[in-house]
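These notes concern the structure reproduced below.
The values are calculated or read from the model by the stated rules, or taken from the named source; none is laboratory data. Owing to the predicted nature of the structure, the values given are computational and were not obtained by experimental measurement. Note that each Cβ is placed from the backbone with ideal geometry, even for glycine, and that neighbours are counted across all protein chains shown. We work out accessible area using only protein heavy atoms, side chains counted, and drop any ligands, DNA or RNA first. Shrake-Rupley method; radii C 1.70, N 1.55, O 1.52, S 1.80 Å.
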Amino acid sequence: MNRIDARFAALRAAGRTGLIPFVTAGDPSADATVAIMHALVDAGADLVELGVPFSDPMADGPVIQHANERALARGVGLARVLAYVREFRARDATTPVVLMGYLNPIEIHGSGRFADEAKDAGADGVLLVDCPIEEIQTTAPLAAAGLARVLLAAPTTAPARLAAICAAAEGFLYYVSFAGITGADRLSMDDVRARVAGIKRSAKTPVAVGFGVRDAASAAAIGTFADAVVIGSALVDRLAASKDAADACRRAGEFLAPIRAALDARAESHVA
Amino acid sequence: MDMKVEDYFAYPDPHGRFGDYGGSYVAETLMAPLEELRAAYFALRRDPAFLAELDSDLRHYVGRPSPIYHAERLSKKIGGAQILLKREDLNHTGAHKINNTVGQALVARHMGKRRVIAETGAGQHGVATATVCARFGLECVVYMGAVDIERQKINVYRMKLLGADVVPVTSGSRTLKDALNEALRDWVTNVAGTFYIIGTVAGPHPYPQMVRDFNSVVGREARVQMQEQFGRLPDALVACVGGGSNAIGLFHAFLNDRDVAIFGAEAAGEGIATGRHAASLVAGRPGVLHGNRTYVLCDDDGQITETHSVSAGLDYPGVGPEHAFLKDTGRAQYVGVTDDEALAAFHELARTEGILAALESSHAVAHAMKLARTLPSDRLVLVNLSGRGDKDVHTIAAREGIDL
């Protein structure tokens with residue numbers, strides 16, 4: 001069983017909600033990323049999403065756009081991201097890592113070459129923001145190498161497309177909780193709950209919910225119905241002002257721990 | 001790619017693909033609005049009432065048909081083939097851009113969308129969008145890079161006079177590509193009531209096809225006018241290519257006329273070898289940008305690179321996917337024209353014919369002059385004079401050290 005499936009199976013067995021933090025590789029500094037990943041795991045992350053910097057992150061809001069720009073200014077691109085994953089894997093053999101980004105860097109690198117290198121480095125899945133299911137043939141080399149192709153679904157996704165996405169999802173399905181860019185503040189919990197319930201009935205994978213999750217309260221609310229909660233912009237924002245790698249790790253832990261606690265408190269009360 | 005194409009009019013396929021290029025490479029949240037737009041557009045493009053409405057506005061508001069003018073003095077001076085100019089510069093607002101914005105504004109109205117967004121680089125598409133929004137009573141928001149706002153103050157003011165809200169974009173390189181990113185973000189966030197008027201034949205399906213359809217009136221007219229005025233089709237077509245909307249507008253009607261040679265002039269800036277250019281087809285490679293697979297200018301890490309051209313309208317690191325297809329099939333040839341060559345052509349046309357061409361169009365004129373020199377005097381080279389140069393006089397003066 002691959003690391004993503006194993007992790008979700010363990011979560012399910014324990015009755016826990018998964019916690020998936022997102023950080024942009026190379027931000028807030030080029031030497032902090034691997035340490036931050038470990039700090040996130042120590043603070044309760046079940047899976048780490050690592051953003052691959054891109055010059056034109058058209059689906060991202062200002063926080064992650066600027067993180068991308070800063071990372072690129074530090075020279076962090078795809079090659080460096082793979083090196084981070086390899087370094088992370090040397091100390092952590094079990095926490096799944098999903099790379100999140102845009103197609104062009106992977107296409108220019110060569111999809112087949114990227115797939116082999118990413119797998120070899122220890123990545124488990126890839127989420128390509130600008131590759132909807134209509135273009136999924138583009139990423140066939142990723143699947144061939146054994147990387148999960150994580151797909152997105154949105155509130156605006158029509159029923160027929162949603163069925164196709166649920167059928168094709170690998171690893172987990174990432175439900176974008178509202179129509180908008182990352183980090184915007186437009187979460188309507190009742191809408192999200194109703195949609196996720198429908199998706200969970202037809203998806204063959206667990207369903208993670210993200211976009212607009214800011215804190216322990218919103219994460220815990222989503223945790224009542226989602227298999228996992230993704231938290232990105234708020235974390236990237238918190239890390240941005242770090243003084244150094246140690247400070248970034250401290251901030252990452254302080255940010256994530258209360259969210260973990262809130263998710264687990266709900267799980268315990270549910271069990272009790 | 002070695003590909004035998006029988007009928008160029010059969011492209012794109014229903015997924016918006018021109019061979020390997022095109023498609024819909026966008027975030028999931030955009031798939032629904034794109035589907036809504038495709039449904040509306042593919043119904044309207046065959047609807048006689050819609051087409052009559054469009055034709056009426058093209059005639060009475062835009063001022064179509066635009067003439068084909070035989071640049072006799074220029075041709076004589078060059079001493080080769082005859083250079084003919086398709087005068088898109090004579091359209092309302094001074095360029096071909098309005099052919100597309102009138103069409104898309106009509107689509108927006110049919111879809112019941114009251115808010116229009118657009119991206120602009122030099123400001124020409126922004127002005128053309130603000131113009132039709134005023135004409136149809138639509139709210140208009142134009143995204144423009146902060147760097148471009150500084151460079152193009154007059155067009156910014158024109159847009160404001162027309163009632164548009166111009167929003168500065170401060171991310172990335174703060175130019176056209178970033179304005180496009182920001183417009184896409186706006187669309188994702190405000191999908192319900194908003195129509196996005198893309199200004200060129202790029203972006204996700206159906207934009208490359210829809211923008212082509214609206215601009216291809218240029219080539220359809222030209223094909224008829226050539227028969228009327230010269231009794232035959234031209235031997236060659238030349239147009240400048242940034243995103244490529246004026247070029248595809250001229251080329252499309254002629255794609256199946258295999259005896260008509262087709263040339264696209266890209267901005268070679270300070271020279272391809274310097275790296276300071278915007279020649280995606282000449283010097284780029286296939287990739288994915290702004291919702292479509294096409295040739296892009298990027299580094300070995302896949303990061304989109306900043307471009308350079310004296311003409312802001314050609315300053316774009318991608319190109320429409322149909323051009324990528326025409327390049328690979330060999331149906332069209334794409335060449336680089338430097339800033340200096342374009343400026344020389346600008347002056348030559350001004351002095352021999354009394355026409356101030358846009359700097360963008362001057363790239364096409366420059367290549368037409370090169371081509372004409374190699375051909376006998378009975379050959380006909382048709383150039384898309386896509387815009388007028390009034391907007392560029394400050395740029396030209398500054399470049400030539402003149403303080404206006």
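Taking amide H positions as placed in the peptide plane 1.01 Å from N, state which residues far from B:E266 in sequence (5 or more) or on other chains have amide H under 5 Å from it.
Close amide H contacts, sequence-distant or interchain: B:V241, B:V335, B:G336, B:V337.
If you take the square roots of the eigenvalues of the alpha-carbon gyration tensor of chain A and sort them as a ≥ b ≥ c, do you get rounded (a/c under 1.5), prolate (a/b over b/c) or oblate? Can you show the working numbers first?
Details: a/c = 1.37, a/b = 1.10, b/c = 1.25.
Since a/c stays below 1.5, the shape of chain A is classed as rounded.
Residues with beta-carbon under 13 Å from that of B:V102, excluding B:V102: net charge, scoring Lys, Arg +1 and Asp, Glu -1? The partial results should precede the final answer.
Numbers: positive: B:R59, B:R64, B:K97, B:R109, B:R135; negative: B:E53, B:D55, B:D57, B:D213.
Summing Lys and Arg as +1 and Asp and Glu as -1 gives +1.
What does DSSP give for the protein assembly as shown in terms of the percent of beta bridges that are antiparallel, rounded to the nearest 5? All intermediate terms of the calculation are to be shown ahead of the outcome.
Values: 15 of 76 bridges.
Rounded to the nearest five, the antiparallel share is 20 percent.
Along the charge dipole of the range B:221-306, Cβ charges K/R +1 and D/E -1, which of B:L250, B:C240, B:V282 sits furthest on the positive end?
After comparing all options, I get B:L250.
When Cβ neighbours within 10 Å are restricted to other protein chains, what is their mean count per residue of peptide A:59-66? Walk me through the numbers before you get to the answer.
Details: counts 9, 4, 3, 4, 0, 0, 6, 3.
Across A:59-66, the average partner-chain Cβ count within 10 Å equals 4.
For the range A:94-103, what does the Karplus curve 6.51 cos²θ - 1.76 cosθ + 1.60, with θ = phi - 60°, yield as ³J(HN,Hα) per residue in whole Hz, taken in order and with x for Gly and Pro?
Calculated HN-Hα couplings, in order: 10, 6, x, 10, 10, 8, 10, x, 10, 5 Hz.
So which residues of the range B:297-322 lose at least 10 Å² of accessible area, probe 1.4 Å, when you go from the chain by itself to every protein chain present?
Relative to the lone chain, where solvent access is computed with a 1.4 Å probe, the range B:297-322 loses at least 10 Å² at B:C298, B:D300, B:D301, B:G302, B:Q303, B:I304.
From the phi angles alone, apply the Karplus equation (6.51, -1.76, 1.60; θ = phi - 60°) to the range B:344-357 and give each ³J(HN,Hα) in whole Hz, x where the residue is Gly or Pro.
In residue order, the calculated couplings are 4, 5, 4, 5, 4, 5, 4, 7, 8, 10, x, 10, 8, 8 Hz.
On the first, second and third principal axes, largest extent first, how far apart are the outermost C-alpha atoms of the range B:350-404 in Å?
43, 20, 17
Grab the beta carbon distance between A:R86 and B:N190, set R0 = 30 Å, and tell me the FRET efficiency rounded to 0.05. It would help to have the intermediate numbers written out before the result.
On the way: r = 41 Å, r/R0 = 1.38.
The calculated FRET efficiency here is 0.15.
Does chain B come out rounded, prolate or oblate, given a ≥ b ≥ c as the square roots of the eigenvalues of its C-alpha gyration tensor, rounded meaning a/c under 1.5 and, failing that, prolate meaning a/b above b/c?
Values: a/c = 1.34, a/b = 1.24, b/c = 1.08.
The shape class here is rounded.
Mind putting a number on the dipole of the range B:1-60 about its Cα centre? Charges go on the C-beta only, +1 for Lys and Arg and -1 for Asp and Glu, and I need it in Debye to the nearest 20.
Values: 6 positive and 12 negative charges, 15 e Å.
About 80 debye.
Other chains near A:122-135: what is the mean number of their Cβ atoms within 10 Å of each residue's Cβ? Walk me through the numbers on the way to the answer.
Working: counts 0, 0, 0, 0, 0, 0, 2, 5, 11, 7, 11, 2, 10, 9.
Average neighbour count from other chains, rounded to a whole number: 4.
Mind listing P(r) for the protein assembly as shown? All alpha-carbon pairs, 10 Å bins, whole percents.
3, 16, 25, 24, 16, 10, 5, 1, 0, 0
State whether the range B:204-270 is rounded, prolate or oblate according to the following rule on the C-alpha gyration tensor (a ≥ b ≥ c being the square roots of its eigenvalues): a/c under 1.5 gives rounded; otherwise a/b larger than b/c gives prolate, and the remaining case gives oblate. Intermediate values should be presented prior to the final figure.
Numbers: a/c = 2.31, a/b = 1.34, b/c = 1.73.
It comes out oblate by the Cα gyration axes.
In the neighborhood of B:A130, defined by Cβ-to-Cβ distances under 14 Å, what is the net charge if each Lys or Arg adds +1 and each Asp or Glu adds -1?
Numbers: positive: B:K97, B:R115, B:R135, B:R158, B:K160; negative: B:E119, B:E139, B:D165.
Combined, the nearby Lys, Arg, Asp and Glu give +2.
Charges only on Cβ, +1 for Lys and Arg, -1 for Asp and Glu: so what's the dipole of the protein assembly as shown about the Cα centre, in debye to the nearest 20?
Numbers: 69 positive and 80 negative charges, 187 e Å.
Charge dipole of the protein assembly as shown: 900 debye, to the nearest 20.
What whole number of Å gives the distance from the Cα centroid of the range B:178-238 to the Cα centroid of the range A:103-166?
When both Cα centres are located, 30 Å separates them.
In whole percent, how big is the carbon plus sulfur part of the accessible area of the range A:3-271, probe 1.4 Å, protein atoms only? If you can, show how the numbers build up before the last one.
Details: 5030 of 9150 Å².
Roughly 55 percent of what the probe reaches on the range A:3-271 is carbon or sulfur.
Probe radius 1.4 Å, ligands and nucleic acids ignored: give me the carbon and sulfur share of the accessible area of chain B as a rounded percent. Don't skip to the end; give the middle numbers.
On the way: 6980 of 13860 Å².
Heavy-atom surface of chain B belonging to carbon and sulfur, 1.4 Å probe: 50 percent.
Would you compute, from DSSP H runs of 4+ residues alone, the mean residue ellipticity of the protein assembly as shown at 222 nm, taking -39500 (n - 2.57) per run and dividing by the full residue count, rounded to the nearest 500? Numbers along the way, then the final one.
On the way: 28 runs with 308 residues, N = 676.
For the protein assembly as shown, the value works out to -14000 deg cm²/dmol.
Probe of 1.4 angstrom, ligands and nucleic acids ignored: what's the accessible area per residue over the range B:26-176, in square angstrom? Present the calculation step by step, with values, prior to reporting the outcome.
On the way: 5740 Å² over 151 residues.
I get 38 Å² per residue for this part.
Please list the non-local residues whose amide H lies under 5 Å from the amide H of B:H70, H modeled 1.01 Å from N, same-chain partners needing a gap of 5 or more.
B:L85
Which distance in nm do the two modelled labels at B:K76 and A:D42 give, with both placed 7 Å along the Cα-to-Cβ direction?
8.5 nm
Could you work out, residue by residue across B:15-28, how many beta carbons of other chains sit within 10 Å of that residue's beta carbon, and then give the average as an integer? Don't jump to the answer; show the numbers that get you there.
Values: counts 2, 1, 1, 0, 0, 0, 0, 0, 5, 5, 13, 8, 14, 19.
The shielding value for this peptide is 5.
Which residue, chosen from A:I222, B:V169, B:L34, occupies the Cα position most advanced towards the positive end of the dipole of the protein assembly as shown, where the dipole is computed from +1 (Lys, Arg) and -1 (Asp, Glu) charges on Cβ about the Cα centre?
B:L34
What residues qualify as long-range amide H neighbours of B:I355, i.e. H under 5 Å apart, gap of 5 or more or another chain, H built at 1.01 Å from N?
B:A350
Loop-only trypsin sites (Lys or Arg not before Pro) in the range B:104-136, please: DSSP not H, G, I, E or B, and at most 16 other Cβ atoms within 10 Å. Each step should come with its number before you reach the end.
Details: sites: B:R109, B:K113, B:R114, B:R115, B:R135; in loops: B:K113, B:R114.
Here the sparse-neighbourhood loop sites are B:R114.
Around A:A164, with a cut-off of 14 angstrom between Cβ atoms, what is the net charge of the other residues, counting Lys and Arg +1 and Asp and Glu -1? Mind dumping the intermediate values first?
Working: positive: A:R149, A:R161, A:K204; negative: A:E134, A:E135, A:E170, B:E28, B:E35.
Combined, the nearby Lys, Arg, Asp and Glu give -2.
What's the total accessible area buried between chains B and A, using a 1.4 Å probe, rounded to the nearest 100 Å²?
2900 Å²
Between A:A265 and A:R201, what FRET efficiency follows from the Cβ-Cβ distance if R0 is 41 Å, with the result rounded to 0.05? Intermediate values should be presented prior to the final figure.
Numbers: r = 27 Å, r/R0 = 0.66.
My answer for the efficiency is 0.95.
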